[in-house]
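Just below is one structure, and these are the notes that go with it.
The values are calculated or read from the model by the stated rules, or taken from the named source; none is laboratory data. Computed from a predicted structure; not experimentally measured. Note: ideal-geometry Cβ built from the backbone for every residue, glycine included; neighbour counts use all protein chains shown. The area values use the complete protein model at the heavy-atom level, side chains included, leaving out ligands, DNA and RNA. Shrake-Rupley method; radii C 1.70, N 1.55, O 1.52, S 1.80 Å.
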Number of protein chains: 4
Amino acid sequence: MSGKIKAGVVGATGYAGAELTRLMLGHPSADVAAVSSVSFEGQKLSDVYPNLLGLADLTLENEDSVIEKSDVVFAALPHGLSEELAVKCLAKGKKLIDIGADFRLKDPLEYKRWYGLDYKHPELHEKSVYIIPELMRDLYNGQPIIGNPGCYPTSVALALAPVMKFFDVPDGGVIIDSKSGVTGSGRGLTQNTHFPDCNEAFAPYKIASHRHTPEIEQTLSFLAGKRVTVSFTPHLLPLNRGIVSTCYVSFGKKTDFGEIYGAYTEFYKNEKFVRVLPRGMTANLKNVRMSNFCDISLHYDERTNRLIAVGAIDNMVKGAAGQAIQNMNIMFGIAEDEGLRLAAPAF
Amino acid sequence: MSGKIKAGVVGATGYAGAELTRLMLGHPSADVAAVSSVSFEGQKLSDVYPNLLGLADLTLENEDSVIEKSDVVFAALPHGLSEELAVKCLAKGKKLIDIGADFRLKDPLEYKRWYGLDYKHPELHEKSVYIIPELMRDLYNGQPIIGNPGCYPTSVALALAPVMKFFDVPDGGVIIDSKSGVTGSGRGLTQNTHFPDCNEAFAPYKIASHRHTPEIEQTLSFLAGKRVTVSFTPHLLPLNRGIVSTCYVSFGKKTDFGEIYGAYTEFYKNEKFVRVLPRGMTANLKNVRMSNFCDISLHYDERTNRLIAVGAIDNMVKGAAGQAIQNMNIMFGIAEDEGLRLAAPAF
Amino acid sequence: MSGKIKAGVVGATGYAGAELTRLMLGHPSADVAAVSSVSFEGQKLSDVYPNLLGLADLTLENEDSVIEKSDVVFAALPHGLSEELAVKCLAKGKKLIDIGADFRLKDPLEYKRWYGLDYKHPELHEKSVYIIPELMRDLYNGQPIIGNPGCYPTSVALALAPVMKFFDVPDGGVIIDSKSGVTGSGRGLTQNTHFPDCNEAFAPYKIASHRHTPEIEQTLSFLAGKRVTVSFTPHLLPLNRGIVSTCYVSFGKKTDFGEIYGAYTEFYKNEKFVRVLPRGMTANLKNVRMSNFCDISLHYDERTNRLIAVGAIDNMVKGAAGQAIQNMNIMFGIAEDEGLRLAAPAF
Amino acid sequence: MSGKIKAGVVGATGYAGAELTRLMLGHPSADVAAVSSVSFEGQKLSDVYPNLLGLADLTLENEDSVIEKSDVVFAALPHGLSEELAVKCLAKGKKLIDIGADFRLKDPLEYKRWYGLDYKHPELHEKSVYIIPELMRDLYNGQPIIGNPGCYPTSVALALAPVMKFFDVPDGGVIIDSKSGVTGSGRGLTQNTHFPDCNEAFAPYKIASHRHTPEIEQTLSFLAGKRVTVSFTPHLLPLNRGIVSTCYVSFGKKTDFGEIYGAYTEFYKNEKFVRVLPRGMTANLKNVRMSNFCDISLHYDERTNRLIAVGAIDNMVKGAAGQAIQNMNIMFGIAEDEGLRLAAPAF
């Protein structure tokens, strides 16, 4: 390919779309060529996001126009809308990276069960692949569609991959207690995310019923080589960005923590975006905010024979837009960390 | 007793002491008669806490002077200091309510193991009683010392009492994932609680090693009538007040949620400070802030046969100063909710 | 009157109405007898505000029903709606305290200019009186309607009253830079008050065009005995409650700060809710949150001959619901601080 | 010069030093070659700032070692310490950019008055130059020392430059009401910046006595061509980053706002880091956070003939480390925006 990758963003005024557009400003080999928004068509993106004033002189167009102008389209849409977009992209020979939920679950019954919808174009799913790069990059072999992982599942899968892969975790032995910043709820207005209702507040939500559950289980099962069922409880943190997933793995018998720790450092030794923290440190979302890192800290409860694996990511970067760019880099065969060498601010 | 109860506060400039003094301003049957502080002796309390200007005209004295002027002394001290104070109080015929940790653990070995100290005056512990009022008020029969519960243990014990008492919870079946506001760390300065380091940050701490663990286990064992061991992980929330404890109870077999829910509503039906929320609602610390309530919500994960019991309290009120006043009310035989009929602000 | 005052709240699910209902729970001589809401009619108030669960067992009714059951009606409505309510109240012989804006401005032209509406019932305004208790309580002589002051105007009027009344402030010599917590914007959802857009953000708004400007000028003119025009800039603070108004008074010539300070302490010496802070201290909204206090600190810039008077209140209490109760107490001839002896939490 | 600029940071564990080190990671023509810290000498920078783990493998050394290894030294030190460092740098032929306060004030009497110290090496100040690039870049002609501007003064000078330069502002006509995030107070622990004391709090501080006052006046006087005296009030915002300065300019007579607005857009038309916002928009610190931008919005109060100019910057970037890099770029004759093309996150 000559010249820069031309990327389009459908749903550019949602949080994931806006963050993706911002991150792409620093990508040396790709540019955002066009953006669309149903609600703001015809306006400038910088009217909606004044942080981009003078940086991204993009006018919000419609979907078709974005497809036309792009080599690859990022879809940042509510679930149920990406298949139709995929049909259009493929018809025009364009690639698609779906930041939404429509290309994550392999099993149509699971999609139906958790999202209430059928896949309308099953053949599309044959041409798509779900990729958490650190765990599945070798599954990419030219598919025109990549299903980009959800935010919670990314934090959990990376925090648990080595233990699920290399150790014997009893059935029912995984409990995941996750906490996410408010950007995870998106740009849409709700009473729950109204500042005075949300600030100085904290609670779980969608206990044992969050739609990221089957995606988590799909990946853990893939890693363990057997069906894994988990309890998953998300909570809403009164801060903007970041997820901490505190993952409890009950072994039911004494297990050597040194071996576990060693398996993690070995597994991730060549990864640029995963930091297995030194023993004694604890993962904190503040150290990964605005970056594509996943920090993992490992702790062992000798009294109950449990591993507590803590995974921290920025939900908008590694959990959405950043990982989507990482997947684009894989798709186009360029260095995986291009445009993503971002250091979290300390404060 | 004629007249109002004269209460003294030793350690009045710490957060728990200051909150207790503030709450007592609204108590119809008790007054704060004297306050002490090692660091600020001789200054006015309102110099340190200007919110009390014009409301509490108290000068910080020394410990002995506070004992002299009081019927009951509240100790808000770091662990290891309350026994000596208790000796002095008892010598003068005064009662003591210890908001600190020195009269919580019955087993001296547990105290030694988790706090690194021996009880120097074992006989004092014969004269003391640990009371979470809703669970143990009938244990009070005139003891001169009450050990006031810790914040995390209060939230957990209330959230789990009925299930531990009336249901068969397998050994090792309890995992507690707690989150606390920053006041839980006290008034002392640390890098971790420096605003720019703490704001927009979130992480667990003291995983599998927090000193509230044995206190939690002591109460759950008392309730279950057998030894209970738990995994306990506290986290630091970037907000001032409140604890949410998300408690996972793994039954290992199908259990009737309706029965569990019924046991809770029955158990707490006459309690003024415990609200078992209607099914479908979720406990949020914002609804109990500044109040002495504990909100409990119950959720059942059908897929994994787990109860998720969520307990929310204000760590400084029900988790410290408010519960201490509740215990004082028990000690003096007055209505348990006197001075504590506080409604949480909605925002 | 025998028995407690029966208060009704029209617009009880807005922030001011909800806060008033909560505060009234602690009032010894008044009860909330009925509440209304257009949006939630038929539901329980505690469905909308779960902090009130078990405390206020009130069902949301309609306006007429509230009037019927009440001695005094509090109106917490958007501007333009209170006159019709007043007509109904007066027809039934009930009193009205308008927390909204419709009975604040004496000059119909000012109301028209800033709110775009005419007074439809000018005669009602003859029967109403606007009262900031500390400055105007002697204006109350039985009027059936009290116009309750706005939040910003309360903080400014109290911070500037003595200097406007007793000193010679040149024309154009007053600039007011105010900052308010987000509850000031109410419960309604807006992009601006969506948590991720509002958190870690700060900006002025409605510069030189905020509707509280004429109310501020009306009171300062009343105090000065001459027409006063001000520049007023409000800002939105990323916190829930509280206003700080930093008021600049340019004397244009050397003025004795000791005299000014003395005038303040003398003027407010008998006031229960105004604290003129000791010289050297600075007013902070945290010391008045959840209380009916107004803290005032005074500072003099010798280099430019300016007084900087800082006024801090809780916008929802002294700036709305608390002051409305204070006005109710005046209306019914009971102690002005009944139900309002609240101490701000230190944290 | 062949190869990259070798930069050293003295005081690298303070907030400004840490931010500078982080920002330099993205600079294409410069590297941080060495860092020092008195408190943490011998430790790794990433032990203190784990956000830098895997990104900056730097061990904290001593000052002399840093000078040795660097072409240019950034000093991020408390006032009073930079002159000695400058002596050492110049002796070794190294350049110095002082992020602290010691090379900002030209008049030794002003330095003495506000900082309580004498300049010990007056000759150094002949070799130094204070530069806000947008206003004074042409003053740079090879001086070995650049005094980097303070955070508040940067926001004020940029917000007021065109009006001070091209319009007739009466003596005493400028009042500046500034608000800063908590990082402005630095990494050192204070009660004021302890999370529970600082969160949900807001107040002014150092009213009419802040040390940035003479620096502001020095620049405004330089721009106006006459002595300008201002009233300056800083406030502490409960958020991490950013300054908003609300600047009031009293003309005392009708002044054409269109002309003022035109003067601003003309003056800044070629600047990459100053955005004069479209009329009707208001500067918000959230749109400049983590970036080197200064956003300026202009408002005119017709009723009082005042310009309200609002300047927003990130205090740690444009107000400290970012501007220091911009000055380094000037010093080394490379493009002024190298390493600084950062887009603020929208959330």
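Condition first: of a type in the set (G, A, S), open to solvent by 10 Å² or more (accessible area, probe 1.4 Å) and within 14 Å of another protein chain (Cβ to nearest Cβ). Can you find one or more residues in the range C:74-90 that meet it?
Yes, that holds for at least one residue.
Which residue is surrounded by the fewest Cβ atoms within 10 Å (Cβ to Cβ), if the candidates are limited to the range A:1-19 and must be in contact with a Phe, Trp or Tyr (Cβ under 6 Å, 6 or more places away or on another chain) and of a type in the set (A, V, I, L, M, F, W, C)?
If we take residues in the range A:1-19 being in contact with a Phe, Trp or Tyr (Cβ under 6 Å, 6 or more places away or on another chain) and of a type in the set (A, V, I, L, M, F, W, C), then A:I5 is surrounded by the fewest Cβ atoms within 10 Å (Cβ to Cβ).
Can you tell me which residue is nearest to the chain's Cα centre (by Cα) among those in the range D:31-61 that are more than 22 Å from A:M290 (Cα to Cα), small (G, A, S) and open to solvent by 20 Å² or more (accessible area, probe 1.4 Å)?
The residue in question is D:A33.
Which one is least open to solvent (accessible area, probe 1.4 Å), of the residues in the range D:91-104 that are under 20 Å from D:F332 (Cα atoms) and small (G, A, S)?
D:G93
I'm trying to understand the selection: among the residues of the range A:244-253, which are open to solvent by 10 Å² or more (accessible area, probe 1.4 Å) and assigned to a strand (DSSP E or B)?
A:S250 - this is the single residue of the range A:244-253 that is open to solvent by 10 Å² or more (accessible area, probe 1.4 Å) and assigned to a strand (DSSP E or B).
Between A:L307, A:L340, which is open to solvent by less than 10 Å² (accessible area, probe 1.4 Å) and assigned to a strand (DSSP E or B)?
None of the other options fit; the residue is A:L307.
Would you check which residues across the range A:178-203 are open to solvent by less than 10 Å² (accessible area, probe 1.4 Å) and at the interface with another protein chain (Cβ under 7 Å from one of its Cβ atoms) and list them?
Result: A:K179, A:V182, A:T183, A:T193, A:H194, A:F195, A:P196, A:C198, A:E200, A:A201, A:F202.
Which residue pairs have Cβ atoms under 6 Å apart, sit 6 or more places apart or on different chains, and have a first residue in the range A:219-232 that is more than 9 Å from chain B (Cβ to nearest Cβ) and a second that is surrounded by 17 or more Cβ atoms within 10 Å (Cβ to Cβ) and small (G, A, S)?
A:T219/A:A157; A:L223/A:A161
Per-residue answers, yes or no, for (1) at positive phi; (2) of a type in the set (A, V, I, L, M, F, W, C):
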{"position": "C:K254", "(1), (2)": "no, no"}
{"position": "C:P278", "(1), (2)": "no, no"}
{"position": "C:L285", "(1), (2)": "no, yes"}
{"position": "C:C294", "(1), (2)": "no, yes"}
{"position": "C:N305", "(1), (2)": "yes, no"}
{"position": "C:I308", "(1), (2)": "no, yes"}
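Residues of the range D:184-243 being assigned to a strand (DSSP E or B) and hydrophobic (A, V, I, L, M, F, W, C), which ones?
If we filter the range D:184-243 for residues that are assigned to a strand (DSSP E or B), which is where we start, we get D:194, D:203-204, D:230-236, D:243.
Within the range D:184-243, D:A203, D:V230, D:F232, D:L236, D:I243 meet the criteria.
State whether one or more residues within the range D:310-330 are more than 21 Å from D:G181 (Cβ to Cβ), more than 8 Å from every other protein chain (Cβ to nearest Cβ) and open to solvent by 20 Å² or more (accessible area, probe 1.4 Å).
yes
Based on this model, can you work out whether C:S70 counts as modelled with pLDDT of 95 or more, open to solvent by less than 30 Å² (accessible area, probe 1.4 Å) and more than 12 Å from every other protein chain (Cβ to nearest Cβ)? Give the derivation first.
Values: modelled with pLDDT of 95 or more: yes; open to solvent by less than 30 Å² (accessible area, probe 1.4 Å): yes; more than 12 Å from every other protein chain (Cβ to nearest Cβ): yes.
For C:S70, the condition - modelled with pLDDT of 95 or more, open to solvent by less than 30 Å² (accessible area, probe 1.4 Å) and more than 12 Å from every other protein chain (Cβ to nearest Cβ) - is met.
Condition test on B:V129, is it at pLDDT 95 or above, open to solvent by 10 Å² or more (accessible area, probe 1.4 Å) and of a type in the set (V, I, T)?
Working: at pLDDT 95 or above: yes; open to solvent by 10 Å² or more (accessible area, probe 1.4 Å): yes; of a type in the set (V, I, T): yes.
Spelling it out, B:V129 is indeed at pLDDT 95 or above, open to solvent by 10 Å² or more (accessible area, probe 1.4 Å) and of a type in the set (V, I, T).
Identify all residues within the range B:20-30 that are open to solvent by less than 10 Å² (accessible area, probe 1.4 Å) and in contact with a Lys or Arg (Cβ under 7 Å, 6 or more places away or on another chain); write none if there are none.
B:A30 - this is the single residue of the range B:20-30 that is open to solvent by less than 10 Å² (accessible area, probe 1.4 Å) and in contact with a Lys or Arg (Cβ under 7 Å, 6 or more places away or on another chain).
Out of the residues in the range B:280-303 that are more than 9 Å from every other protein chain (Cβ to nearest Cβ) and within 26 Å of the chain's Cα centre (by Cα), state the one that is farthest from B:A343 (Cα to Cα).
It comes out as B:L298.
Kindly establish whether D:A208 is within 14 Å of chain C (Cβ to nearest Cβ) and open to solvent by 10 Å² or more (accessible area, probe 1.4 Å).
yes
Identify, from the list A:D64, A:D107, the residue that is under 21 Å from the mean Cα position of the chain (by Cα), open to solvent by 10 Å² or more (accessible area, probe 1.4 Å) and charged (D, E, K, R).
Answer to the check: A:D107.
Given the condition under 20 Å from B:K179 (Cα atoms) and either touching a Leu at 6+ places or on another chain (Cβ under 8 Å) or away from chain B (no Cβ under 14 Å) (or both), answer yes or no: does some residue in the range A:248-267 qualify?
Among the residues of the range A:248-267, at least one is under 20 Å from B:K179 (Cα atoms) and either touching a Leu at 6+ places or on another chain (Cβ under 8 Å) or away from chain B (no Cβ under 14 Å) (or both), which makes the answer yes.
Quick check on the range C:270-292. Is at least one of its residues among the hydroxyl-bearing types (S, T, Y), open to solvent by less than 10 Å² (accessible area, probe 1.4 Å) and without any contact (Cβ under 8 Å) to a residue 40 or more places away in the chain?
Looking for residues that are among the hydroxyl-bearing types (S, T, Y), open to solvent by less than 10 Å² (accessible area, probe 1.4 Å) and without any contact (Cβ under 8 Å) to a residue 40 or more places away in the chain, one finds none in the range C:270-292, hence no.
Could you check, for the range D:89-97, whether at least one of its residues is in contact with a His (Cβ under 9 Å, 6 or more places away or on another chain) and within 24 Å of D:E217 (Cβ to Cβ)?
No, the range D:89-97 contains no residue that is in contact with a His (Cβ under 9 Å, 6 or more places away or on another chain) and within 24 Å of D:E217 (Cβ to Cβ).
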